[in-house]
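> I have a structure here, written as structure tokens, and I will follow up with some questions on it.
The values are calculated or read from the model by the stated rules, or taken from the named source; none is laboratory data. Given the structure is predicted, the values throughout are model-derived calculations rather than measurements. Every residue, glycine among them, receives a Cβ derived from its backbone with ideal geometry; neighbour counts consider all protein chains shown. We work out accessible area using only protein heavy atoms, side chains counted, and drop any ligands, DNA or RNA first. Shrake-Rupley method; radii C 1.70, N 1.55, O 1.52, S 1.80 Å.
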Amino acid sequence: MRAVILSVADKRHMSMSAQYEKYLKSRKIEYDIIRINRYDKTENIEDNVYEYSFNKSTSVSKIQKIKGFLGFRKYAINIIKKNKYDFIIVWNENTAVLFSDMLYGKYKGRYCLNIRDQFELKLLMPIFDKTLKNAYFITSPSIDFKFPGKCYTLFNRDPNIVKNVSKKVKFKQKGEKINIVFMGLYHIAPRTFENTVDIFANDERFQLYFYGEGFDTELKNYVDNNNIKNVITGGAFPYEKTYEYLQQTDIINSYYNNFDRFPNLKAASGVKQSYTPMLYLPAINDKDTTWGRISEKYGFSYLISDDNISTLADDLYNWYINLDFNKFKQGCDEFNKVIDKSISDVYALLDEYFKCKE
């Protein structure tokens, strides 16, 4: 048996697929990865990885993106035909649509579809729906995303992060600087990031870090123009840099407050949020969201709303300094059991297909 993980994303945006790699390795199933490479160069690429160079910013025109994706489609289909895979692990909804005819045609019932976001292009919805209906099973990153057929929520526990980043064993004490780290894309919520910078500007209790495309230019200009000294920005980074950034983190920043433009963020349970229970890292999150409700239940995030944003710096500092680490860890451990159950459910489905036994 031979499988392939197929994605129009690059390595940075498919870290959760590591759970599938772990499964395939544990069952001694031969597999490859076919993905896009948005970097000029990738070092130490594995022998089983095929990368299609598509060095485009997320801000390029739709026409340029479509041309790149069509080039990737041709490249990937040639590899799939040559290697004759038995099963395809489809990573994200855009991949599903791009390869839809192949999936619900030759690979009907021989692929799983891993949704990362709600699909919103109405013109292509019939194609997307057909791809959903012919999948062996579907996974969703959120308990509030609903899809037809065998659909399971799959939470993230990245084995590479667990291996390479030390878990917190205690919190910073009063008088120590607290590092708040955001990793993502600037264009998702520019005004929110500027407001966040304003709230914590030159507050000696905090050091803010923003990493990802656009922060090293757009937000840096804002920081420099306003003479703000406690904010550090960095641009797009390779997946491996995540280890370093998480190691310096005291509080994960997952605050967006931009749901009019990106409504699906309300339901998302993304990679960034998963670092909290995985590494015992407190976080800031939007209150009226799916992850906000989970955070409130398990007690591992400070939730931000319009009602408390004006006093955020003082309130967050007091919340963090007064957190009971053992109680916080207990909440994380309880949710980690939910994560492990979601993964074991998916592994059971794969075992059913591959007829494997542990």
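> Let me spell it out: the conditions are (1) at pLDDT 90 or above; (2) touching a Gly at 6+ places or on another chain (Cβ under 7 Å), and Lys56 meets all of them except one. Which number is the exception?
(1) is the only condition that Lys56 fails.
> Something else: Output the number of residues of region 238-264 satisfying the condition of being hydrophobic (A, V, I, L, M, F, W, C) and open to solvent by 20 Å² or more (accessible area, probe 1.4 Å).
Selection size over region 238-264: 2.
> Restricting the search to region 238-255, which residues are closer than 10 Å to Asn179 by Cα and in a loop (DSSP other than H, G, I, E, B)?
Once the filter is applied, which keeps residues that are closer than 10 Å to Asn179 by Cα and in a loop (DSSP other than H, G, I, E, B), region 238-255 yields Gln248, Thr249, Asp250.
> State whether the residues of region 192-212 include one that is more than 30 Å from Cys332 (Cβ to Cβ) and surrounded by 13 or more Cβ atoms within 10 Å (Cβ to Cβ).
yes
> Quick check on region 83-91. Is at least one of its residues part of a helix (DSSP H, G or I), without any contact (Cβ under 8 Å) to a residue 60 or more places away in the chain and not hydroxyl-bearing (Ser, Thr, Tyr)?
The answer is no; no qualifying residue exists.
> Scan region 215-237 for residues that are closer than 24 Å to Asp10 by Cα, open to solvent by 20 Å² or more (accessible area, probe 1.4 Å) and assigned to a helix (DSSP H, G or I) and jot them down.
Within region 215-237, Asp216, Thr217, Glu218 qualify.
> Mind telling me which of the residues Asp340, Asp315, Asp351, Asp324 ends up being among the charged types (D, E, K, R) and open to solvent by less than 40 Å² (accessible area, probe 1.4 Å)?
None of the other options fit; the residue is Asp351.
> Within the bounds of region 151-171, is there any residue that is farther than 23 Å from Asp333 by Cβ and out of contact with any Lys or Arg (no Cβ under 7 Å at 6 or more places or on another chain)?
Yes - at least one qualifying residue is present in region 151-171.
> Here is a follow-up. For residues that are outside any helix (DSSP H, G or I) and under 15 Å from the mean Cα position of the chain (by Cα), tally how many sit in region 256-270.
Residues that pass the stated criteria total 5.
> Looking at region 118-214, what helices (runs of 4 or more DSSP H) fall wholly within it and have at least 1 residues that are more than 29 Å from Thr249 (Cβ to Cβ), of a type outside the set (Val, Ile, Thr) and free of Cβ contacts under 8 Å to residues at least 40 places away in the same chain?
In region 118-214, 125-133 are the helices (runs of 4 or more DSSP H) which contain 1 or more residues that are more than 29 Å from Thr249 (Cβ to Cβ), of a type outside the set (Val, Ile, Thr) and free of Cβ contacts under 8 Å to residues at least 40 places away in the same chain.
> When you look at Leu323, is it within 26 Å of Phe193 (Cα to Cα), of a type in the set (A, V, I, L, M) and in contact with a Ser or Thr (Cβ under 9 Å, 6 or more places away or on another chain), yes or no?
For Leu323, the condition - within 26 Å of Phe193 (Cα to Cα), of a type in the set (A, V, I, L, M) and in contact with a Ser or Thr (Cβ under 9 Å, 6 or more places away or on another chain) - is not met.
> In this structure, is Gly149 among the small types (Gly, Ala, Ser), within 30 Å of Thr311 (Cβ to Cβ) and open to solvent by 10 Å² or more (accessible area, probe 1.4 Å)?
So Gly149 does not fit the description; no.
> What pairs come out if I take residues in region 316-327 that are modelled with pLDDT of 95 or more and pair them with residues that are among the hydrophobic types (A, V, I, L, M, F, W, C) whose C-beta lies under 6 Å away, six or more apart or interchain?
Leu323/Phe171; Phe325/Phe171
> When you look at Phe87, is it within 26 Å of Lys355 (Cα to Cα) and not small (Gly, Ala, Ser), yes or no?
For Phe87, the condition - within 26 Å of Lys355 (Cα to Cα) and not small (Gly, Ala, Ser) - is met.
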